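Student: Structure below; questions to follow.
The values are calculated or read from the model by the stated rules, or taken from the named source; none is laboratory data. Since the model is a prediction, treat every value here as computed from it, not as a measurement. Here the Cβ positions follow ideal geometry from the backbone for every residue, glycine too, while neighbour counts run over all protein chains shown. Ligands, DNA and RNA are excluded from the accessible area calculation, which covers all protein heavy atoms including side chains. Shrake-Rupley method; radii C 1.70, N 1.55, O 1.52, S 1.80 Å.
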Amino acid sequence: MQVPSPTACLIVVGNEILSGRTQDQNVAWIAKELNEIGIRLRQVRVIPDDTQIIVDTVGACRHAFTYVFTTGGIGPTHDDITSAAIAQAFGVGLERNREAEAILQRHYGQEKLNAARLKMADIPAGASLILNPVSAAPGFRIENAYVMAGVPAIMQAMFTGFRHELRGGAKMLSKTLSAYITEGVIAERLGAIQEECPDVEIGSYPFMRQHRFGTSLVTRSTDAAKLDAACRRIKDLLLGLTQDVVEEDWAA
């Protein structure tokens, strides 16, 4: 019997994301990295810079998922409230972390290290630092929650630094079959295949290319044999309707 893969939730914190002013670039990158490790990203939540919402969201997710990752809200300005909110979510105090303070002192120098920048050394009690080789100000880990910056280059550097700590399961495998057939033509028979292959996720995604409508059928499973069996059934279905079928496969 296959052991279930560890799960994760990504919490994106930021009014700028919700307003549309900033387009998130972190979700897809983190999702791909987690898949490579064998961790299933089950939810992504985008929430505002609101202390109670952060507390409630982190509080719920830390019990529901193996890992929780957050991006955004750990900078030096008044609206960077993620660190304090996460301390509250875990029921600990927010304290000046001496190691973080020393990192900032080395980076900025005593003259440029003002009170606002020192705020980035305030870390929940008991948390360990996530190093930031890009701009120095660290993130942190507390229990199963990893708290990172929202700037993509910084977030990626932070994640890469602790990636080896994460424990995953079987990698999610994926195959895609695409054909110029509309969803309505195959929906009923595709549903039957899904019922007969419960260990394979089958997603149907319509597209239009060169003024022609078609459908991409994406199958995902950690079991290669079951994935292949489902794909053969889907391919037979499509080939019964058209010879113009394109097949792709990757880990995703």
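Student: Of all DSSP beta bridges located in the chain, what percent are antiparallel, nearest 5?
Tutor: Once the DSSP bridges in the chain are tallied, antiparallel ones form about 65 percent.
Student: Across the chain, how many lysine pairs, 8 or more positions apart or on different chains, have C-alpha atoms separated by under 21 Å? Please give the number.
Tutor: Count of close lysine pairs: 6.
Student: Okay, next question. If packing is taken as the mean number of other Cβ atoms within 10 Å per residue, what is the order of 81-90, 109-118, 27-36, highest first?
Tutor: 81-90, 27-36, 109-118
Student: Is segment 1-144 best put as rounded, prolate or oblate by its Cα gyration tensor, with a ≥ b ≥ c the root eigenvalues, rounded for a/c under 1.5, and otherwise prolate when a/b is larger than b/c, oblate when not?
Tutor: Prolate, because a/c is 1.5 or more and a/b exceeds b/c.
Student: Taking a probe of 1.4 Å, how large is the accessible area per residue of the chain, in Å²?
Tutor: Normalised by residue count, the accessible surface of the chain is 52 Å².
Student: For the chain, report the convex hull volume of the alpha-carbon atoms normalised per residue, in Å³, without decimals. Provide the component values of the computation, followed by the final result.
Tutor: Details: hull volume 39.1 nm³, N = 252.
Given the Cα convex hull of the chain, per-residue volume reads 155 Å³.
Student: Measuring from centroid to centroid over Cα atoms, what is the spacing of segment 59-130 and segment 152-176 in Å?
Tutor: Between the Cα centres of segment 59-130 and segment 152-176 lies a distance of 22 Å.
Student: Rounded to a whole number, what % of the accessible area of the chain do carbon and sulfur atoms account for, probe 1.4 Å?
Tutor: So the carbon and sulfur contribution to the accessible surface is 51 percent.
Student: Say each of His107 and His63 gets a label point 7 Å from the Cα, pointing the same way as Cα to Cβ; how far apart are those two points in nm?
Tutor: That separation, rounded to one decimal, is 3.4 nm.
Student: With the cut-off at 1.5 for a/c, could you classify segment 206-245 from its C-alpha gyration tensor as rounded, prolate or oblate?
Tutor: Cα axes put segment 206-245 in the oblate bin.
Student: Using the alpha-carbon atoms, what tilt in degrees (0 to 90, nearest 10) does helix 98-112 show relative to the longest principal axis of the chain?
Tutor: 70
Student: How far apart, in nm, are two points set 7 Å out from the Cα along the Cα-to-Cβ line at Arg209 and at Arg189?
Tutor: 2.1
Student: Suppose every Lys and Arg Cβ carries +1 and every Asp and Glu Cβ carries -1, with no other charges. What dipole size does the chain come out with about its Cα centre, to the nearest 20 debye?
Tutor: 340
Student: Given segment 43-171, what percent of its DSSP beta bridges are antiparallel, to the nearest 5?
Tutor: Looking only at bridges with both residues in segment 43-171, the antiparallel portion is about 70 percent.
Student: Right, next: Please list Arg220, Arg98 in order of solvent-accessible area, largest first, computed with a 1.4 Å probe with all protein chains present. If you can, show how the numbers build up before the last one.
Tutor: Numbers: Arg220 65, Arg98 165 Å².
Descending order: Arg98, Arg220.
Student: Regarding segment 96-215, what whole-number volume in Å³ per residue does the convex hull of its Cα atoms give? Provide the component values of the computation, followed by the final result.
Tutor: On the way: hull volume 22.7 nm³, N = 120.
Taking the convex hull of the Cα positions in segment 96-215, it is 189 Å³ per residue.
Student: What shape does segment 152-244 have by the C-alpha gyration tensor, where a ≥ b ≥ c are the square roots of the eigenvalues, rounded means a/c under 1.5, and otherwise prolate means a/b greater than b/c and oblate the rest?
Tutor: Oblate shape, in that a/c is at least 1.5 and b/c is the bigger or equal ratio.
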